[in-house]
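Notes for the one structure printed next.
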Amino acid sequence: MIAPFAILGVAALVALPAATLTAQDSESAFTVVATGQGFERLQDAVNAIGDGEGAIAIAPGRYGQCAVQERGQISYLASEPGSAVFDTVTCEGKAALVLRGRGAEVSGLIFQNMKVPDFNGAGIRLEQGNLTVVDSWFRDSQQGILTAGDMASRIVIDRSTFTRLGTCEGGGGCAHSVYTGSYGHLRITRSRFEEGAGGHYVKSRAAQVDIASSSFDDSHGNNTNYMIDLPAGASGQILNNWFVQGQSKENYSAFIAVGAEAREHSSAGLTVVGNDARLATGVDRNTVFVADWSGELSGIGENALGRGLTPFEER
């Protein structure tokens, strides 16, 4: 079992010196790596790549900017991981990065304070194409990552942290730390979810999910729901994760929910094994680790469960 606080370098991100959060005058804020062209606006760098393929190096700084990627395949890379912060500003009333090109990679960036009138403000809004997110931090926003559906594409999240995200304020339903539409595949590894502010930590309509070696620390959550919700069913695996359910819950009836809204994808091949799940210190209740509405799970594998937890329940 993974050590819950040693999954990724969160401490390194927290301890960044203040100087790294001030834009440097000696270089352009956004540089297209292949050409060396420098720009002060992220959108101009994105437009320079256009329908091609390229990487944008992002200098240390706190940026009140956003960008829409309409085409191409673009990598957004912090020149010093953890030192580039996108703060508050969204494009199209959606997110700091609105992605609808062929694909995108995001590495080493911080997204914070994303809030919009429809309560869906996110660090990243993915509308189509593949997405890889590595070594990034999403915090204090309505959502971390929100996507549309693209069954031909894949989402990968690795070594990233999601802090104080989610809300159920809006009339259109709750926002979540990660909320994916009907994608082909969602993979989350070595990542941390903590201090949720409402909704689920991960809600995914992807046909296949692989969620492994990650931590879900709800001990300081506020009015949260499930840790993992697969509302349309899914195959894949939930493996070697660490879960703690806190006191403040909008719904504490399960840690993981499968097929609660529909049966769009088969859940017969879903494996849940090797996880550690328990209630936070001082929490006294009975709950269920995996609740299944799909009718396709015969049970789950071996998991280490604390007091008050029933391993599996059909609903």
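Rule-based calculations on the coordinates, nothing more; no lab input. Small disclaimer: the values here were computed from a predicted structure and weren't measured. Ideal geometry is used to build each Cβ from the backbone, glycine not excepted, and the neighbour counts take in all protein chains shown.
Some observations on this one:
- Built amide H within the under 5 Å cut-off of residue 270, gap 5+: 236
- Cα centroid of the stretch 158-217 to Cα centroid of the stretch 54-83, whole Å: 22 Å
- Label-point gap, in nm, between residue 307 and residue 268 - each point 7 angstrom along Cα→Cβ: 4.1 nm
- Report note on the peptides 290-298, 157-165: ranked by the mean count of other C-beta atoms within 10 Å, highest first, their order is 157-165, 290-298.
- Building the convex hull from the alpha-carbon atoms of the stretch 75-233 and averaging its projection over directions returns 8.2 nm².
- Between amide H atoms placed 1.01 Å from N, distances below 5 Å from residue 220 occur with 195, all of them 5 or more places distant or on a separate chain.
- Between the stretch 122-139 and the stretch 276-315, the alpha-carbon center distance in angstrom: 30 Å
- Beta bridges from DSSP with both residues in the chain: antiparallel share about 5 percent, rounded to the nearest 5.
- Distant-in-sequence amide H partners of residue 137 (H built 1.01 Å from N, under 5 Å): 109, 110, 111, 161
- The chain - Debye-derived log10 I(q)/I(0), Cα point model, q = 0.07, 0.15 Å⁻¹: -0.26, -1.14
- Vicinal HN-Hα couplings computed from phi for the stretch 114-126 (Karplus, 6.51 cos²θ - 1.76 cosθ + 1.60; Hz; Gly/Pro x): 8, 9, 9, x, 8, 6, 10, x, 9, x, 10, 10, 9
- Descending principal axes extents, the stretch 264-315, alpha-carbon based, whole Å: 38, 22, 15
- Unit charges at the beta carbon, dipole of the stretch 217-313: most positive-side option, 286, 265, 226: 286
- Working from Cα pairs under 8 Å separated by at least six residues, relative contact order for the chain is 10 percent.
- Sequentially through the stretch 162-175, phi angles give Karplus couplings (6.51, -1.76, 1.60; θ = phi - 60°) of 10, 10, 6, 10, x, 6, 10, 6, x, x, x, x, 7, 9 Hz, Gly and Pro residues having no value and appearing as x.
- Dipole size of the chain about its Cα centre, with +1 on Lys/Arg Cβ and -1 on Asp/Glu Cβ: approximately 200 debye, rounded to the nearest 20.
- Integer Hz, Karplus 6.51/-1.76/1.60 couplings in order for the stretch 91-106, x for Gly and Pro: 9, 6, x, 10, 6, 5, 10, 9, 10, 9, x, 6, x, 8, 10, 10
- The stretch 87-164: C-alpha gyration tensor shape, a/c 1.5 cut-off, then a/b vs b/c: oblate
- Taking the charge dipole of the chain about its Cα centre, with +1 at Lys and Arg Cβ atoms and -1 at Asp and Glu Cβ atoms, the residue from 191, 244, 81 reaching farthest to the positive side is 244.
- Note: relative contact order over the stretch 163-315, using C-alpha pairs below 8 Å and six or more positions apart, is 18 percent.
- Beyond 17 Å, the tail of the calculated P(r) for the stretch 170-315 holds 55 percent of the Cα pairs.
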